[in-house]
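Chemist: One structure is given below, represented as C-alpha cells, and several questions about it will come after.
Every number in this text was worked out from the coordinates using simple rules, so none of it is lab data. Keep in mind that what you see is a predicted model, and the values were worked out from it rather than measured. Note: ideal-geometry Cβ built from the backbone for every residue, glycine included; neighbour counts use all protein chains shown.
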Amino acid sequence: DDQGHTHRNLVRKSVRNLSPAERRSLVHALKSLQEDSSADGFQSLASFHAQPPLCPYPEANKRFACCVHGMATFPEWHRLYTVQFEDALRRHGSVVGIPYWDTVVPQEDLPAFFNDEIWDDPLFHANFTNPFNGADIDFNHQKIARDINVDKLFKEGPKGYDTWSFKQYIYALEQEDYCDFEVQFEIAHNAIHAWVGGTEEYSMGHLHYASYDPVFILHHSNTDRLFALWQELQKFRGHDPNEVNCALEMMREPLKPFSFGAPYNLNPTTKEHSKPEDTFDYKGHFHYEYDHLELQGMNVQRLHDYINQQKERDRVFAGFLLEGIGTSAHLDFSICKIDGECTHAGYFDVLGGSLETPWQFDRLYKYEITDVLESKGLDVHDVFDIKITQTSWDNEDISTDRFPPPSVIYVPK
C-alpha cells in the first residue's frame with residue numbers, strides 16, 4: 001500500500017464462528033463507521049447502492065440507483081460493494097473481513113451478532129446499542145426496520161439439509177455458462193432481502209433502503225462467498241475461473257459509483273478495479289479470502305459429485321422471463337391440472353424500487369418442478385397450466401401480465 005506495507009489478506013468467517021476479539025473489533029469498527037459523516041462514512045457508503053441516487057452521475061438532473069440488478073454484472077458490482085465496506089471497517093479497526101451469514105443451512109436461531117439489541121463488552125465493562133442491529137437512514141430521517149420471516153428462514157427441506165436456498169444455489173452452481181449461473185444466483189439471493197425486510201418499507205426488502213441495514217453486508221459477504229465457490233467449481237471443471245463466456249462488453253464497462261473516484265469514492269482500490277473483469281481475482285486485487293468455500297459441508301469435489309448426481313434423472317423446470325417492475329415482488333406459482341386442481345409448486349422474489357435501472361434478463365430463470373409433477377401423477381407431456389400470483393412487498397396484488405407466461409423445460413438425464 002502507500003506506506004510500503006504488504007497486505008495480509010483479511011479472512012471472512014461465518015458470523016457464528018467469530019472469536020470474542022474479532023466480534024469486538026467489528027462492533028467497534030461499525031459503531032465508529034456509523035458515526036463517521038465523511039464521504040467514507042456509513043451513510044455515504046450506504047447511498048452507493050440506491051438512495052440518495054448517484055447515477056448516471058451525481059450532477060445529473062434525473063438520477064437513479066447505481067446498484068446493478070437483473071444484469072450479468074450483479075455479482076461483480078456487489079463484490080466491489082462488500083470490499084468498499086470491508087476496507088472502511090478495516091480503517092476503523094476491524095481485524096477480520098466482513099463475516100458472512102450462511103443462510104443456505106437450516107437456521108435454528110437468528111445470530112446474536114446482528115440480532116442482539118445491546119452489545120455487552122465484558123472486557124471493557126461497556127454496553128451500547130449493537131450497531132449490527134440496525135442503523136439510521138439520515139437522508140429521510142428514518143430508521144431501518146426488520147420483519148423477519150422465521151418460518152422460511154428456519155424451514156428445513158424434505159431431507160433436512162435441502163432447504164429452499166440450498167436447492168436454488170445448487171442449481172445455480174451447476175451452470176457452467178456464466179450468464180445462466182448469474183440469473184439463478186441472483187434470484188436465489190433475493191430471498192434473504194424479502195425474508196429479512198418482510199412488509200417493512202425501510203428495510204432489506206426495498207431496493208432503496210436495503211444497504212442501510214447492516215445485515216446487508218453480512219448477506220452479501222455470503223452471496224460473494226457462493227460466487228467465489230462457483231469460481232472454484234469452474235476451475236475444477238477445467239474452466240478459467242477468472243473468465244466469462246458471455247456479456248463480454250459489460251465486463252469491460254467500469255461500474256459506478258466505484259469508477260467516479262473522489263469526492264464520491266475515496267477508495268483507490270475499488271476505483272482502480274471498477275471494471276467487472278477486474279473483480280474476479282478477489283484475493284489478488286482486494287486482499288480477502290474465505291475461511292471455507294463449501295456448501296452444507298461439501299467441498300468443491302463433493303459438490304461436483306452431488307451436482308452430477310442431480311443430473312442422473314430426467315428433470316422438468318418452469319421457466320420465467322423476468323424484468324424489472326419498479327418494486328420488490330413475491331411470486332408464487334402452482335401447477336394446475338385440466339380439471340382445475342392446483343398444487344403449490346414454488347415461489348421466488350424480485351428486489352426492486354422506482355429508482356432501479358430498467359432491466360430484463362435475456363434468458364429464463366428456471367425453477368425445478370419435477371417432484372411436484374410426480375406427486376400429482378403428471379408427465380411433462382401431459383396438459384397442465386402454471387398459474388402465477390404476484391404481490392408487492394406491502395402485499396398488494398400485482399398484475400401477472402408483466403411477464404410472459406411461464407414455459408415448461410424438459411431436461412433429459
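Chemist: Please enumerate, by chain and number, the aspartates and glutamates with C-alpha under 16 Å from the C-alpha of Lys31, excluding those fewer than 8 residues away in the same chain.
Modeler: Glu22, Asp40, Glu86, Asp87, Asp116, Glu117, Asp120, Asp121, Asp136, Asp138, Asp213
Chemist: Moving on. With 10 angstrom as the radius, rank His330, His193, His344 by how many other C-beta atoms surround their C-beta, starting from the fewest. Don't jump to the answer; show the numbers that get you there.
Modeler: Working: His330 19, His193 23, His344 11.
Result, fewest neighbours first: His344, His330, His193.
Chemist: Helix 164-174 against the longest principal axis of the chain: what's the angle in degrees, Cα atoms only, rounded to the nearest 10?
Modeler: Taking the Cα atoms of the chain, the angle to 164-174 is about 90 degrees.
Chemist: Sticking with this one: Over all distinct Cα pairs, what is the inverse of the mean 1/r for region 10-308, reported as the Kirkwood hydrodynamic radius in Å?
Modeler: On the way: mean 1/r = 0.0511 Å⁻¹.
With all distinct Cα pairs of region 10-308 included, I get 19.6 Å.
Chemist: Oh, and also: Can you pick out the pairs among Lys13/Lys311; Lys337/Lys366; Lys13/Lys283; Lys275/Lys311; Lys62/Lys256; Lys167/Lys311 whose Cα atoms lie more than 23 Å from each other? Before the final figure, lay out each step's value.
Modeler: Details: Lys13/Lys311 32 Å; Lys337/Lys366 20 Å; Lys13/Lys283 15 Å; Lys275/Lys311 35 Å; Lys62/Lys256 16 Å; Lys167/Lys311 13 Å.
Over 23 Å apart, Cα to Cα: Lys13/Lys311; Lys275/Lys311.
Chemist: Another question, then. If we count every other residue with Cβ under 13 angstrom of Ser407's Cβ, Lys/Arg +1 and Asp/Glu -1, where does the sum land? Don't skip to the answer; put the middle values down first.
Modeler: Working: positive: Arg363, Lys366; negative: Asp385.
Counting the neighbours of Ser407, the net charge comes to +1.
Chemist: Could you give the size of the charge dipole of region 313-411 about its Cα centre, using +1 on the Cβ of each K and R and -1 on the Cβ of each D and E, expressed in debye and rounded to the nearest 20? Present the calculation step by step, with values, prior to reporting the outcome.
Modeler: On the way: 8 positive and 18 negative charges, 56 e Å.
Around 260 debye, computed over region 313-411.
Chemist: Using only Cα atoms, locate the centre of region 153-211 and the centre of region 310-359, then give the distance between them in Å, rounded to an integer.
Modeler: 13
Chemist: Running a GNM on the chain with Cα contacts under 10 Å, which residue among Ser14, Ser38, Ser94 ends up with the highest mean-square fluctuation?
Modeler: Answer for the Gaussian network model of the chain: Ser38.
Chemist: Return, in residue-number order, each cysteine of the chain whose C-beta is not under 4.7 Å from any other cysteine's C-beta.
Modeler: Cysteines of the chain left without a disulfide-compatible partner: Cys67.
Chemist: Estimate the FRET efficiency between Asn61 and Leu248 by the formula 1/(1 + (r/R0)^6), using the beta-carbon distance for r and 35 Å for R0, to the nearest 0.05.
Modeler: Values: r = 32 Å, r/R0 = 0.92.
FRET efficiency, Asn61 to Leu248: 0.65.
Chemist: Treating only the Cα positions of region 313-411 as identical point scatterers, give the base-10 log of I(q)/I(0) from the Debye formula at each q in 0.14 Å⁻¹.
Modeler: Calculated log10 I(q)/I(0) at the listed q: -0.55.
Chemist: Do the sum for the chain: with -39,500 (n - 2.57) for every DSSP H run of n ≥ 4, divided by all residues, what is the mean residue ellipticity at 222 nm, to the nearest 500 deg cm²/dmol?
Modeler: Values: 12 runs with 129 residues, N = 413.
That calculation yields -9500 deg cm²/dmol at 222 nm.
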